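Below: one structure, written as structure tokens.
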Amino acid sequence: MIAVFALVMGVLFGAGLYVAGMTNPAKVQGFLDISGAWDPSLIFVMAAGIPVAWVGYQLMKRRGHTLTTMPMLEIPQGVVDRPLVVGSVLFGAGWGIGGFCPGPGVASLLLEPATAGVFVIAMIAGMLIHDRKGKTANA
Amino acid sequence: MTEFTPVAGAVGGVLIGLSAALGYLALGKVTGISGIIGRGLTGAFGHQNWGLWFLIGLIVTPWVVHQIAPSEHGFQAPGTAAVIAAGLLVGYGTRMGSGCTSGHGICGMARVSVRSIVATMIFVGAGVVTVAVMRHVFGVFG
């Protein structure tokens, strides 16, 4: 059941990104270009998506357990720290430069393998560079 | 310049929201794509490899929808150098900041996480500034 739910989640997410136009980097950059030819469409993605996700979260909390054998999410309310702030600045800069965030990058792999492939490989490299650096620092 | 498509945006948003809602309700997980990929790189796709099943759906579905009902959005990307720089920054930044547009922007906002709200404001702000500097200061991408 867990694999089925996960597959359905991936299908919904991939369809949503495609339908919303987030698989077109120019549309994402148009959304970020508020002082130019602004395309505010992606506000509607968040405005529609967040309340639906909120319902799912509330249902999980009300039930006290999930629909599968997996345990309920428990994330303590964390603090805003330096890695969160610096990481988000770097991510936002990359998002602006390329018009890709991780989901649309992966979702475009079969549609635009040349461009999305380069993006995803570079993204994975960036992730590995970060994780490697962390390991060295902790050692 | 792209066309304003609020209905397509809202429909897509509901589908993404349903995915995130199922993530909480069925799996007790945050549907955060940078997290799923980042953990997957260490071979940790989670219980019954749920992360891998999710990624298969995420990769295959847009192609399938494109064959059946192609959208009018099209595809227009910057040059290879920009795409590589973007990928490196997105990968490094999302690992450092513990999330991206899905994990912080949709899932975290939905559970009113202060960290996610701050992260979302910062990465949208940084994206806005970056595009403004590229387009209107340096004149990249018209």
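Things worth noting here:
- Looking only at region A:8-48, and only at residues there that are in contact with a Leu (Cβ under 6 Å, 6 or more places away or on another chain) and of a type in the set (G, A, S), the one that is farthest from the other protein chains (Cβ to nearest Cβ): A:A15
- Taken over region A:63-112, the criterion of being within 7 Å of chain B (Cβ to nearest Cβ), of a type outside the set (A, V, I, L, M) and farther than 26 Å from B:L58 by Cα is satisfied by A:Q77, A:G78, A:P83.
- Which listed residue, of B:I84, B:I56, B:I37, B:I106, is at the interface with chain A (Cβ under 7 Å from one of its Cβ atoms) and touching a residue at least 40 places away in the same chain (Cβ under 8 Å): B:I106
- Evaluation of B:G91 against the conditions (1) crowded, with 24+ Cβ neighbours inside 10 Å; (2) more than 26 Å from B:L27 (Cα to Cα) shows that the sole unmet condition is (2).
- Spans of helices (runs of 4 or more DSSP H) in region A:33-139 with at least 3 residues surrounded by fewer than 16 Cβ atoms within 10 Å (Cβ to Cβ), of a type in the set (D, E, K, R) and on the phi < 0 side of the Ramachandran plot: A:41-63, A:113-138
- Any chance B:I84 is at pLDDT 95 or above, out of contact with any helix residue (DSSP H, G or I) (no Cβ under 8 Å at 6 or more places or on another chain) and either farther than 30 Å from A:Q58 by Cα or not aromatic (F, W, Y) (or both): no
- Those residues of region B:41-62 which are touching a helix residue (DSSP H, G or I) at 6+ places or on another chain (Cβ under 9 Å) and either charged (D, E, K, R) or surrounded by fewer than 18 Cβ atoms within 10 Å (Cβ to Cβ) (or both), in sequence order: B:L41, B:T42, B:A44, B:H47, B:N49, B:L52, B:I56, B:V60
- Considering each residue of region B:108-129 in turn, at least one proves to be surrounded by fewer than 24 Cβ atoms within 10 Å (Cβ to Cβ) and basic (K, R).
The values are calculated or read from the model by the stated rules, or taken from the named source; none is laboratory data. Owing to the predicted nature of the structure, the values given are computational and were not obtained by experimental measurement. Backbone-built Cβ (ideal geometry, glycine too); neighbour counts: all protein chains shown.
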